[in-house]
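See below for the structure under consideration.
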There are 2 protein chains.
Amino acid sequence: MERLRIAFLGPAASFSHQAALESFGPSAVFSPCLSFADAFAAVQHNEVDYAVIPFENSTNGSVVQTLDLLADRDGLYSDVVVCGEHYLTVHHCLLARKNTTTVPSAGGGGYRFITKLYSHPQAWGQCETFLSRYFKKIERQDVSSTSKAAEIVSADETGHSAAIASRFAAEYHGAEILEANIEDKDDNTTRFLILRNDRSKRTKCAVPITSDAVDIDGSSEAPTAKWKTLISFMINHNSPGALADALLIFKAHGMNLTSINSRPSQIRAWQYIFFVECESIPGVHDDNSVERILEGLRKVTESCRDLGSWKEQLLREG
Amino acid sequence: MERLRIAFLGPAASFSHQAALESFGPSAVFSPCLSFADAFAAVQHNEVDYAVIPFENSTNGSVVQTLDLLADRDGLYSDVVVCGEHYLTVHHCLLARKNTTTVPSAGGGGYRFITKLYSHPQAWGQCETFLSRYFKKIERQDVSSTSKAAEIVSADETGHSAAIASRFAAEYHGAEILEANIEDKDDNTTRFLILRNDRSKRTKCAVPITSDAVDIDGSSEAPTAKWKTLISFMINHNSPGALADALLIFKAHGMNLTSINSRPSQIRAWQYIFFVECESIPGVHDDNSVERILEGLRKVTESCRDLGSWKEQLLREG
């Protein structure tokens, strides 16, 4: 069988790369996309089988670039659908070039040889406690990604620089991990979406709420697994209750909403496109619930689109 | 009467400064706040009478920093309410130090004396057509605000630098406008919210939907003016239809929803706090509609909060 081609939001060793590898395993061929739009275009034009892009972070909220591309205002990505998701907990490490430094004893604070730190701006804020303990007056250099930071310090022959990046980036660039899990909060999680081309014959269609649904990794579905569906729609914003009417259709089919987002429609100012994610359970919900919801939405919205269904990966506590 | 004290999101000559000046007139005392949190704190601690902060842009969507502070997860801003709004159309100009250059004839492209451009990263993207025509290979220096860019070029005695900034920033810093309205889209509008302290006796309370409502500028309300109300709430996200139930309460009172936003609750991962803005018309809606909506919401939400009401400023077409 031909190897699966997977695009991820780049550069190499990014969190999207890690999510892609965890989702598809090492036998696939992975290629970085330097923009969100490139990842969507690669799926639309069948240059890849799947793309893995961030959708939501448990602390920072929605990724608006992904929502704007899913809105597809210019009809460039009409065949792109969501067929899976992957949750990745964000851990940061302090890392440096291999073999040029003596690794200090854990927590010993023996980091005096480090005179410059590299990382993505967001990572500084996520590791404040650690940084204020050991690196109070050390110069910080912003770079475009934590992976890039790992690459820079791996190549620094002086050995006097360190990066804040993931374990994955450290291993990818052959850097030494000086200290792991230096983030302030240990539950910072990013949810990635897996995209496919709806017309592709190479990739499997994840059909929701049927007994023979097949997951993208080929395993068959546990009967109690939940499924998620993402639907976008626009309403007539001058009509009172139009949004409530749209959401009532989900309720009428007993579907719980797991997220709702809105973005400017960019057709008229102060009009929005809504993204609703809902949850269904095979055996509890009808096989054709999603189709019926779309039928209902067509009557009360200006436009609506089924953006795909997939098996939920989140293990909820309680 | 003591002069009104107005905080705005800084620095001086920012778009928030302009919105504040247009809302309150030149007799007020204006002070910049370098962060969104500083503006909220200044209102909460009665250091100012009002604060003016951006809430939403017609192209880029919601300003998440404002939503996160309105969410008030730590109860720091319990007295801060919204009491007004202001719409500002975003226009950009090309500007340089005064009197050091010959102003070229309009569209003449006589900008060869400019060797470096300063602006905020977002402004480059909003003026692409103009920049690609006249400044294809000219160095671009990112700065923290368009106002800062205007300040830098005003102080540049060589006269070889130019900034992209607002007319307001040009006038504030005494710069020369070389070309006005160089933005690609002429309908890029930002909506600002005006905040006050709900317990303040110095500022007027804008009471919605009553005949004696008083606007913050002291004028009495036209009987057909629309009023907006902002309400936040959290729902039990495991209950199907909980969000639809909440929105139905607005519909039951005939209130149109003009925006809905969500942010991570940061109490539990993948739980959200919702922000709903609704519209009412005095004489059409009951005087106590908002109070009744809140009563209804208390029954179906985990928590809810009235974030204030104000007279709508937007002139809708059609």
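Being closer than 24 Å to residue B:226 by Cβ and either assigned to a strand (DSSP E or B) or more than 7 Å from chain B (Cβ to nearest Cβ) (or both) is the filter here, so list the residues in region A:240-259 that pass it.
A:242, A:245, A:246
Applying the selection to region A:70-81, what residues are at pLDDT 95 or above and either under 12 Å from the mean Cα position of the chain (by Cα) or within 14 Å of chain B (Cβ to nearest Cβ) (or both)? Answer for region A:70-81, where residues must be at pLDDT 95 or above and either under 12 Å from the mean Cα position of the chain (by Cα) or within 14 Å of chain B (Cβ to nearest Cβ) (or both): A:70, A:71. Taking region A:112-189 as the region of interest, the helices (runs of 4 or more DSSP H) fully inside it that hold 2 or more residues being touching a helix residue (DSSP H, G or I) at 6+ places or on another chain (Cβ under 9 Å) are A:121-126, A:146-154, A:167-173. Of the residues that sit in region A:157-178 and are in contact with a Phe, Trp or Tyr (Cβ under 9 Å, 6 or more places away or on another chain) and surrounded by fewer than 19 Cβ atoms within 10 Å (Cβ to Cβ), which one is farthest from residue B:142 (Cα to Cα)? Only one residue fits best here, namely A:159. Screening residue B:236 against (1) under 30 Å from residue A:274 (Cα atoms); (2) at pLDDT 85 or above leaves a single unmet condition, (2). I want to confirm something. Restricting to region B:260-272 and keeping residues that are buried (at least 18 other Cβ atoms within 10 Å of the Cβ) and among the hydrophobic types (A, V, I, L, M, F, W, C), which single residue is farthest from the other protein chains (Cβ to nearest Cβ)? The residue in question is B:260.
Here's the yes/no breakdown for (1) polar (S, T, N, Q); (2) away from chain B (no Cβ under 14 Å); (3) part of a helix (DSSP H, G or I):
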| site | (1), (2), (3) |
| --- | --- |
| A:3 | no, yes, no |
| A:43 | no, yes, yes |
| A:48 | no, yes, no |
| A:56 | no, no, no |
| A:83 | no, yes, no |
| A:86 | no, yes, no |
| A:91 | no, yes, no |
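Counting only residues that are assigned to a loop (DSSP other than H, G, I, E, B), under 21 Å from the mean Cα position of the chain (by Cα) and crowded, with 21+ Cβ neighbours inside 10 Å, region A:273-318 holds 0 of them.
The values are calculated or read from the model by the stated rules, or taken from the named source; none is laboratory data. The structure presented is a predicted model; accordingly, all values stated were derived computationally and were not measured. Glycine gets a Cβ as well: all are built from the backbone with ideal geometry, and neighbour counts include every protein chain shown.
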